[in-house]
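Beneath this line is the structure, given in structure tokens, with notes to follow.
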Amino acid sequence: MIIAERKDLARLIGMLEGRRSILVAGCRSCVAVCQAGGEREVAALAEALRLHAAAGGLERSIETVTVERQCEKEWTREVAPMVEGKDAILSLACGVGVQVMQETFPDVQALPGLNTSNMGAPVEQGVYEERCGGCGDCVLHLTGGICPVARCSKSLLNGPCGGSQGGRCEIDPETPCAWDMIYRSLLRLGHAELLEVNIPPKDWTPSGHGGPRRIVRKRAVLEDEET
Ligand code: SF4
Ligand code: SF4
């Protein structure tokens, strides 16, 4: 899922300067799971903004809504009646959601309430870690299911580097060495032979360095695969 965290309240207040009618819009998907932009966070932020407005004698109306998925117009269109007449949408979705909101409602500015960080997973209550760097050419079948791109501090495709010590990364001893984990995982899976495989330099073209990436699924191909 996409991991994000909320911007500081002071920063949000600065962004909203001069806006009188605001819709705080959450998303029920990834950002709700990582407790950054779900219904609860929307309600808490709206309340904080109302208190700030009251304390400063600002005339400001703040409404709230939480969309099933802000990254799909099919869902964002449903909130059109709530967007009507607003000066701004303060979106608590990931960066994708903010942009889809802006595309859906091009005449009302969509402001980012979150900082979108990475594609990751919860590892314990309230702790989320990056798991995938979206490189576009997955090699997890060679690395025991552990991503060398996102989890090795140097994104080494053939590790470990010379600095791995006692299973910890030389860049940050708090971080487990990804290549130590890869080694152990491959042994556990009975695929030690993969440690002999030199992963060739990656073709980084699908990783997004040449402009926005696009995947086109052809209906006929999907139907073929299903039969
Ligand atoms: S190898 Fe690439 S696609 Fe696979 S998990 Fe790592 S970054 Fe993601
Ligand atoms: S110590 Fe391990 S995780 Fe850290 S940079 Fe070297 S190989 Fe990568």
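The values are calculated or read from the model by the stated rules, or taken from the named source; none is laboratory data. Model, not experiment: these values are computed from the prediction. As a convention, Cβ positions derive from the backbone with ideal geometry for all residues, glycine included, and neighbour counts pool all protein chains shown.
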Practice item. Report yes if some residue within segment 192-210 is closer than 21 Å to Met1 by Cβ, in contact with a Cys (Cβ under 7 Å, 6 or more places away or on another chain) and within 13 Å of ligand 2 (Cβ to nearest atom); otherwise report no. Key: no
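Scan segment 39-51 and tell me whether some residue there is acidic (Asp, Glu) and not in a helix (DSSP H, G or I).
In the first step, residues of segment 39-51 are kept if they are acidic (Asp, Glu); the result is 39, 41, 47.
Remaining after also requiring not in a helix (DSSP H, G or I): none.
No, because not a single residue in segment 39-51 is acidic (Asp, Glu) and not in a helix (DSSP H, G or I).
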Exercise for review: For Gly97, state whether it is touching a residue at least 40 places away in the same chain (Cβ under 8 Å) and either of a type in the set (D, E, K, R) or part of a helix (DSSP H, G or I) (or both).
Suggested key: yes
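Which one of these is among the aliphatic types (A, V, I, L, M) and modelled with pLDDT of 95 or more: Ile199, Ile182, Ile215? Give the derivation first.
Values: Ile199 fails: modelled with pLDDT of 95 or more; Ile215 fails: modelled with pLDDT of 95 or more.
Just a single option satisfies the conditions, and that option is Ile182.
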Exercise for review: Please give the number of the condition Trp75 fails out of (1) in a helix (DSSP H, G or I); (2) in the same structural domain as Cys177 (by TED's automatic domain parsing).
Suggested key: (2)
Exercise for review: Residue by residue through segment 170-190, note down the ones that are closer than 26 Å to Asp203 by Cβ, buried (at least 18 other Cβ atoms within 10 Å of the Cβ) and within 12 Å of ligand 2 (Cβ to nearest atom).
Suggested key: Cys177, Ala178, Trp179, Met181, Ile182, Tyr183
**Study point:** strands (runs of 3 or more DSSP E) fully within segment 100-180 counting 2 or more residues that are out of contact with any helix residue (DSSP H, G or I) (no Cβ under 6 Å at 6 or more places or on another chain) and among the polar types (S, T, N, Q)
**Key:** 114-124
Review point. Are there any pairs with C-beta distances below 6 angstrom linking a residue in segment 136-163 that is more than 15 Å from Asn198 (Cα to Cα) and within 11 Å of ligand 2 (Cβ to nearest atom) to a residue that is in a loop (DSSP other than H, G, I, E, B) and of a type in the set (Asp, Glu), with the two at least 6 apart or on different chains, and if so which?
Key: Gly163/Glu170
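Yes/no per residue for (1) in contact with an Asp or Glu (Cβ under 7 Å, 6 or more places away or on another chain); (2) hydrophobic (A, V, I, L, M, F, W, C):
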site: His141; (1), (2): no, no
site: Leu157; (1), (2): no, yes
site: Gly163; (1), (2): yes, no
site: Asp172; (1), (2): no, no
site: Ile182; (1), (2): no, yes
site: Ala192; (1), (2): no, yes
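What number of residues in segment 121-133 are in contact with a strand residue (DSSP E or B) (Cβ under 6 Å, 6 or more places away or on another chain) and more than 16 Å from ligand 2 (Cβ to nearest atom)? Talk me through it step by step, then tell me what you get.
Step one: filter segment 121-133 for residues in contact with a strand residue (DSSP E or B) (Cβ under 6 Å, 6 or more places away or on another chain), giving 121-123, 128-132.
Among the residues that remain, those that are also more than 16 Å from ligand 2 (Cβ to nearest atom) are: 121-123, 128.
Matching residues across segment 121-133 total 4.
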Study note, to complete from the structure: For Tyr128, the lone unmet condition from (1) more than 23 Å from the chain's Cα centre (by Cα); (2) surrounded by 17 or more Cβ atoms within 10 Å (Cβ to Cβ) is (1)
Review point. Out of segment 1-25, which residues are in contact with a Lys or Arg (Cβ under 9 Å, 6 or more places away or on another chain) and crowded, with 19+ Cβ neighbours inside 10 Å?
Key: Leu12, Leu16, Ile22, Leu23
